[in-house]
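Working notes, beginning with the structure itself.
The values are calculated or read from the model by the stated rules, or taken from the named source; none is laboratory data. On a predicted model such as this, the values are computed, not experimentally measured, just so you know. Backbone-built Cβ (ideal geometry, glycine too); neighbour counts: all protein chains shown.
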Amino acid sequence: MRTLTFLRPDARRAAARCLRAWPARSARPRRVDRAEPCDRGPHREGFTLVELMVVIVIIGLLATVVAINVLPSQDRAMTTKAKADIATLEQAIETYRLDNLDFPADLQALVAAPAGLADAERYRPGGYVRRLPEDPWGEPYQYRRPGAHGGPFDVFSYGADRKEGGEGDDADLGNWQV
């Protein structure tokens, strides 16, 4: 048997068990039914609770940074889409007025010819828009004639709060702002 004098007595016993399970190269291998575990001292396989907590905190910080950067850009994108839709509807209303010599009574007149149109032949085949878009918050765009903001008409969205008025992301978006 190998000499294990440099080890403490309890460590000697553990090392001896380990050496019995794994014989020296020169020794004839013997059959071992079950290898006894070798005590490797204070080092164990796996992660400590502190290491796991550090990783969880780092993942949480990264998720926070992503959320802070992504959410405001989504709000800006929704506002930009609403402004683009309003500009498209405003252009369709102006084209309707040029063709029919009057503003439409409602936005549905941009999709299909309204009943009682003075000169139905002046109405553009296929309408002025294929379908009426919804605002980015899932509500229909509003149309008011005459306009309350100094123009002949208003096309607007109530914004994220879906109510008239508001500030910031909840503010109304209309053709008077575009």
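Tally time: how many residues in segment 109-138 are outside any loop (DSSP other than H, G, I, E, B) and either aliphatic (A, V, I, L, M) or under 20 Å from L173 (Cα atoms) (or both)? Working first, answer last.
Within segment 109-138, the subset outside any loop (DSSP other than H, G, I, E, B) is 109-110, 120-122, 134.
Right, trim to either aliphatic (A, V, I, L, M) or under 20 Å from L173 (Cα atoms) (or both) and you get 109-110, 120, 134.
Qualifying residue count, segment 109-138: 4.
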Considering (1) within 33 Å of the chain's Cα centre (by Cα); (2) under 18 Å from A82 (Cβ atoms); (3) charged (D, E, K, R); (4) at pLDDT 85 or above, say which one D161 fails and leave the rest. (4)
Quick test of your reading of the structure: L98 fulfils all but one of (1) surrounded by 11 or more Cβ atoms within 10 Å (Cβ to Cβ); (2) outside any loop (DSSP other than H, G, I, E, B). Name the failing condition by number. (1)
For E90, all conditions in the list (1) touching a residue at least 60 places away in the same chain (Cβ under 8 Å); (2) over 23 Å from G147 (Cα atoms) hold save one; what is the number of the exception? (2)
If I ask for residues that are farther than 20 Å from T95 by Cβ and either surrounded by 12 or more Cβ atoms within 10 Å (Cβ to Cβ) or among the polar types (S, T, N, Q) (or both), which ones from segment 149-171 would you list? H149, S157, Y158, G159, A160, D161, R162, G166, D169, D170, A171
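Out of segment 120-139, which residues are within 31 Å of the chain's Cα centre (by Cα) and surrounded by 12 or more Cβ atoms within 10 Å (Cβ to Cβ)?
V129, L132, P133, E134, D135, P136, W137, E139
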